[in-house]
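The values are calculated or read from the model by the stated rules, or taken from the named source; none is laboratory data. Please read these numbers as outputs of a predicted model, since none were measured by experiment. Neighbour counts run over all protein chains shown; Cβ positions are idealised from the backbone, glycine included. Protein only, heavy atoms only, side chains kept; ligands, DNA and RNA dropped before computing areas. Shrake-Rupley method; radii C 1.70, N 1.55, O 1.52, S 1.80 Å.
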Amino acid sequence: MDDSFYDQVYEVVRLIPKGRVTSYGAIAKALGAAKSSRMVGHAMAFAGTSKTKVPAHRVVNSSGLLTGKFHFSPPSLMQELLEKEGVRVEKDKVKDFKKVFWDPLIEI
DNA sequence: AAGATGACAGGCG
DNA sequence: CCGCCTGCCATCT
C-alpha cells in the first residue's frame, strides 16, 4: 500500500494549491487513468489513514460537489476547511467551481 | 479464481 | 433541473 496507485493520487492531491480544488476525473487523467476515477476516490478514503497527509477536502467530484464529506470527522470539517481557504461552499457544492478549479494536467 | 464494492463520470428520461 | 442506470478499473474478501 505504498507504491500503489493510491500513492500516485496522494502526490497529485498534495500539489493542489491552497484555496483551489480539483476533480477526481482530472486527477485520474493526470495519472493516465481517466477511467479509473473511482480509484481516485477510493484513494482519498485512505488519505486520512495514510502516512502522508493529503488535503482530501480539496478534491471533489466533477460537479464540484463534496461527495465524500461524510468521510470526514466531523463531516462538516471538509466544508469548513474549504471556506477557510477562501473557497465558497454552498449546499455541499463548491461555488465558482470553475474559478477555483485547479487542473493537475497544467501543473504537472 | 470469482464475485462484490466503491469520496466517480457520463448519458438518458 | 433532478434522479436513475450503466460503464470502468483497481482492490479486497
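Descriptive notes on the structure:
- In segment A:61-108, the residues that are open to solvent by 80 Å² or more (accessible area, probe 1.4 Å) and among the hydrophobic types (A, V, I, L, M, F, W, C): A:Phe70, A:Leu105, A:Ile106, A:Ile108
- Taking residues in segment A:63-74 that are over 15 Å from A:Thr49 (Cα atoms) and in a loop (DSSP other than H, G, I, E, B), and partners anywhere that are more than 8 Å from DNA strand B (Cβ to nearest atom) and among the polar types (S, T, N, Q), the pairs with Cβ atoms closer than 7 Å and at least 6 places apart or on different chains are A:Leu66/A:Gln79.
- Enumeration of residues in segment A:30-39 that are within 10 Å of DNA strand C (Cβ to nearest atom) and open to solvent by less than 40 Å² (accessible area, probe 1.4 Å): A:Ala33, A:Ser36
- Scanning segment A:1-47 for residues that are near DNA strand B (Cβ under 9 Å from one of its atoms), within 23 Å of A:Glu83 (Cα to Cα), part of a helix (DSSP H, G or I) and among the hydroxyl-bearing types (Ser, Thr, Tyr) yields a count of 1.
- Note on segment A:40-60: residues that are of a type outside the set (A, V, I, L, M, F, W, C) and open to solvent by 60 Å² or more (accessible area, probe 1.4 Å) amount to 5.
- Qualifying residue in segment A:51-61 (condition: assigned to a helix (DSSP H, G or I) and without any contact (Cβ under 8 Å) to a residue 40 or more places away in the chain): yes
- A:Val87 touching a residue at least 12 places away in the same chain (Cβ under 8 Å), out of contact with any Phe, Trp or Tyr (no Cβ under 7 Å at 6 or more places or on another chain) and part of a loop (DSSP other than H, G, I, E, B): yes
- Across segment A:57-83, the qualifying residues are those that are of a type in the set (A, V, I, L, M, F, W, C) and touching a Phe, Trp or Tyr at 6+ places or on another chain (Cβ under 7 Å), and the one among them that is farthest from A:Met44 (Cα to Cα) is A:Met78.
- Residue check for A:Tyr24: open to solvent by less than 70 Å² (accessible area, probe 1.4 Å), within 13 Å of DNA strand C (Cβ to nearest atom), of a type in the set (Phe, Trp, Tyr) and touching a residue at least 40 places away in the same chain (Cβ under 8 Å): no
- Output for segment A:50-108, where each listed residue is more than 11 Å from the chain's Cα centre (by Cα), charged (D, E, K, R) and closer than 13 Å to A:Arg20 by Cα: A:Glu83, A:Lys84, A:Glu85, A:Arg88, A:Lys95, A:Asp96, A:Lys98, A:Lys99, A:Asp103, A:Glu107
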